[in-house]
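Structure first, then comments.
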Amino acid sequence: VQLQASGGGLVQAGGSLRVSCVAPRAIFSVFSSYDMGWYRQAPGKQRELVAVITTSGSTNYADSVKGRFTISRNNSRKTVSLQMNSLNPDDTAVYYCNAKQGPTTSWGQGTQVTVSS
């Protein structure tokens, strides 16, 4: 585990949460050269892509979160964040950040997001 995620928690349906991930400077010396993403895994389900932001700042989202979630990055602080609005119980999962550079992939330890109905 190289990326450090934080910001999960418990929220009621319709609420908002922000999860963030920081890349240790010693490992990710050129953070801007990594495509960054957020994935999630609900109990009994496969891990799925939620959102990605490329080195050029282009973004892509899963259909289920479009219009509700926003991914952003701060290259100087080596962070990537996911703002989640209008949450619903189907968003309940462990959220993982991800860094990709060519064939190399790194993961964070995951942060739990629970949405109550």
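The values are calculated or read from the model by the stated rules, or taken from the named source; none is laboratory data. Remember, predicted model here, so these are calculated numbers, not experimental data. In this analysis, Cβ positions are derived from the backbone assuming ideal geometry, glycine residues included, and neighbour counts consider all displayed protein chains. Side chains are part of the model used for accessible areas, which takes the heavy atoms of the whole protein and leaves out ligands, DNA and RNA. Shrake-Rupley method; radii C 1.70, N 1.55, O 1.52, S 1.80 Å.
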Next item on the list: Working with all protein chains in place, sort Lys78, Lys66, Lys45, Lys100 by solvent-accessible area computed with a 1.4 Å probe, largest first.
Entry: Lys45, Lys66, Lys100, Lys78
Checklist line | In Å², nearest 10: area of Val11 left accessible to a 1.4 Å probe | finding: 20
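Rounded to a whole number, what % of the accessible area of the chain do carbon and sulfur atoms account for, probe 1.4 Å? Please report the intermediate quantities before stating the final value.
Values: 2820 of 6050 Å².
Ligands and nucleic acids excluded, carbon and sulfur give 47 percent.
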Next item on the list: Using amide H atoms built 1.01 Å from N in the peptide plane, name the residues 5+ places from Leu87, or on other chains, whose amide H lies under 5 Å from its own.
Entry: Gly14, Gly15
Next item on the list: Consider just the alpha-carbon atoms of the chain and return their Rg together with their Dmax, both in angstrom.
Entry: 13.5, 42
Next item on the list: Provide the gained length on full extension for the span Ala13 to Ser33, in nm with one decimal, where the gain is 0.36 nm per separating residue minus the Cα-Cα distance.
Entry: 3.6 nm
Checklist line | Unit charges on C-beta of K, R, D, E only; dipole of the chain, Debye | finding: 280
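Please work out how much length the chain gains when fully extended from Thr55 to Ser76, using 0.36 nm per residue of separation minus the C-alpha to C-alpha distance, in nm with one decimal. Kindly include the intermediate steps, with their values, before the conclusion.
Numbers: separation 21, 0.36 × 21 = 7.56 nm, distance 1.30 nm.
The Thr55-Ser76 span can extend by a further 6.3 nm.
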Notebook entry, point to check: Across the stretch 60-71, in residue order, what do the Karplus-derived ³J(HN,Hα) couplings come to in whole Hz, using 6.51 cos²θ - 1.76 cosθ + 1.60 with θ = phi - 60° and x for Gly and Pro?
Noted result: 8, 10, 5, 4, 5, 10, 4, x, 10, 10, 9, 9
Next item on the list: Keeping all protein chains in place, calculate the accessible area per residue for the stretch 1-77 (probe 1.4 angstrom), answer in Å².
Entry: 57
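Using a Förster radius of 30 Å, what is the FRET efficiency between Ser117 and Gln2 based on their Cβ-Cβ separation? Nearest 0.05, please. Before the final figure, lay out the partial values.
On the way: r = 35 Å, r/R0 = 1.17.
That pair, Ser117 with Gln2, gives E of 0.30.
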